[in-house]
Amino acid sequence: MTCSRRLLLVLAAGLAVGLSTSVAVAVDAPVRGVRILMLTQSVGFKHGSVTRPDGALSPAEQAITDLGISSNLFRVDCTQDAAKDFTKENLQNYDIVFFYTTGNLPIDEETRDYFFNDWLKQKGHGFIGAHSAADTYHDYQPYWDMIGGTFDGHPWNAGETVTITVHDTEHPLSKPWGGEFTLKDEIYKFKNWQPEKVRVLMSLNMAKTDLKEPYHVPIAWVKEYGDGKVFHMSLGHREDVWTNPTYMESMLGGIKWILNKEPGDATPNPELSAAQEAKAKADTEAAKK
Ligand SMILES: [Zn+2]
């Protein structure tokens, strides 16, 4: 957010009598509130959570819009038209970009370059990835390098209840969940995973989940990106997740963290990913016996 001071050149009343006296007056430009651009375009699979009923916002759009109003912290503009709204010019109006997307979005290369190399690296700017954000631009390295990974299937389907461990109970994004919780939702696994660049805050607890797979399944993570910030939380397939008060509290915490209104550690923790990977392997082996 920028708060610029404009110099308004005010011609003095002396003009009226033919004098060309001018006085420079500093005027505070109106301070713009925090704005989020929420993109829910589905080039690939289209989720019910981002499907708009006739003329109304989708469940995810409504939830984030309402969160902005109830917190009195930000305003949300929702779009499903990246070609029209995800432009260099329009990005100037926003602090945070929020993706619940799939597929190769129609954003031109120049705009993408600007977004990754300039816009997102600015202090106070951030990117939020919800659920299928990592199921976007599979083969476009700057994108998955920014997010931290790429969707690689969902062995755990939407009707399954899983147990999730919170590793960092202090970070505003993960704090609302407590130390451990269960949730019914579709759970993603990831490829192009870069543990050395992210701080994992929550993971699937393989020992307490029925379907066991021998690899680490991160659920939420944060990272710094230049002076900007990024967080991704893979939950949110099901529409009822978007009315879950803890999920919304978690989103709000993450937004406050991006805006530097609440502190949160973003130190990468690759050792945690390695330990979780080993634990998942051991849990899977133990279940076979
Ligand atoms: Zn899904």
What is the helix-to-structure angle for 270-288, meaning the angle in degrees between its Cα long axis and the longest Cα principal axis of the chain, kept from 0 to 90 and rounded to the nearest 10?
30 degrees
Amide H neighbours of LEU105 under 5 Å, counting only residues 5+ apart in sequence or on other chains, H built in-plane at 1.01 Å?
TYR137
How tilted is helix 245-258 with respect to the longest principal axis of the chain? Cα atoms for both, answer in degrees (0 to 90, nearest 10).
50 degrees
Determine the gain in length on full extension of the stretch PHE181-THR87; use 0.36 nm per residue of separation and subtract their C-alpha separation, reporting nm with one decimal.
29.9 nm
Which FRET efficiency value, to the nearest 0.05, is calculated for LYS191 and THR161 with the Förster distance at 30 angstrom and r the Cβ-Cβ distance?
0.75
Give, rounded to the nearest 20 debye, the magnitude of the charge dipole that segment 33-288 has about its Cα centre when Lys and Arg contribute +1 at Cβ and Asp and Glu contribute -1 at Cβ.
320 debye
A chain fully extended from GLU285 to ASP139 at 0.36 nm per residue, minus the present Cα-Cα distance, gains in nm 49.3 nm
Step through the residues of segment 58-75 one at a time and calculate ³J(HN,Hα) from phi using the Karplus curve (6.51 cos²θ - 1.76 cosθ + 1.60, θ = phi - 60°), rounding each to whole Hz and writing x for Gly and Pro.
6, x, 5, 5, 5, 5, 6, 4, 5, 5, x, 6, 5, 8, 6, 10, 7, 10
Counting DSSP beta bridges with both ends in the chain, the antiparallel % (nearest 5)
55 percent
Under a point spin-label approximation (7 Å from Cα along Cα-to-Cβ), what is the LYS208-ALA278 distance to one decimal in nm?
2.2 nm
Aspartates and glutamates within cross-link reach of LYS175: Cα-Cα under 20 Å, excluding same-chain residues under 8 positions apart?
ASP185, GLU224, GLU249, GLU262, ASP265
Can you give me the Cα centroid spacing of segment 232-289 and segment 195-223 in angstrom?
7 Å
Give the long-range amide H neighbours of LYS229: residues separated by 5 or more places, or on another chain, with amide H under 5 Å away, using H modelled in the peptide plane at 1.01 Å from N.
HIS125, GLY126, PHE127
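Bear in mind these aren't lab numbers, they're just calculated from the coordinates by the rules spelled out. None of the values given here were measured: they were computed from a predicted structure. As a convention, Cβ positions derive from the backbone with ideal geometry for all residues, glycine included, and neighbour counts pool all protein chains shown.
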